[in-house]
Amino acid sequence: MLGLIELIAIVALVGVIAIGLFGGSKGLRLPGMGHATLACPHCGKETRAGRPTCAHCRQDL
């Protein structure tokens, strides 16, 4: 059986891996988890939906 020290080391390693996956700046990104986007009618580039102006050409959406 595993000793107490080995068990603590395994739990710590799993914790570090979990923090790396989910606690990073972006975390674990899955398709569909991003912000909603739409194509700007002025410049045609994708910009975030819900904003009053395009992030590229600064025209009203």
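Taking the mean number of other Cβ atoms within 10 Å as a proxy for protection, how do you rank 6-18, 42-54 from highest to lowest? Don't jump to the answer; show the numbers that get you there.
Numbers: 6-18: 10.5, 42-54: 12.6.
Output ranking for 6-18, 42-54: 42-54, 6-18.
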Report the local net charge at Ala55: Lys and Arg +1, Asp and Glu -1, summed over other residues whose C-beta lies under 13 Å from its C-beta. +2
Gain upon complete extension [Val11, Ala36; 0.36 nm per residue less C-alpha separation]: 5.3 nm
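Each reported figure results from applying straightforward, stated rules to the coordinates on display, with no laboratory input. Note that this is a predicted model, so its numbers are computed, not measured. Don't worry about glycine lacking a Cβ; one is built from the backbone with ideal geometry, like all the others, and counts go over all protein chains shown.
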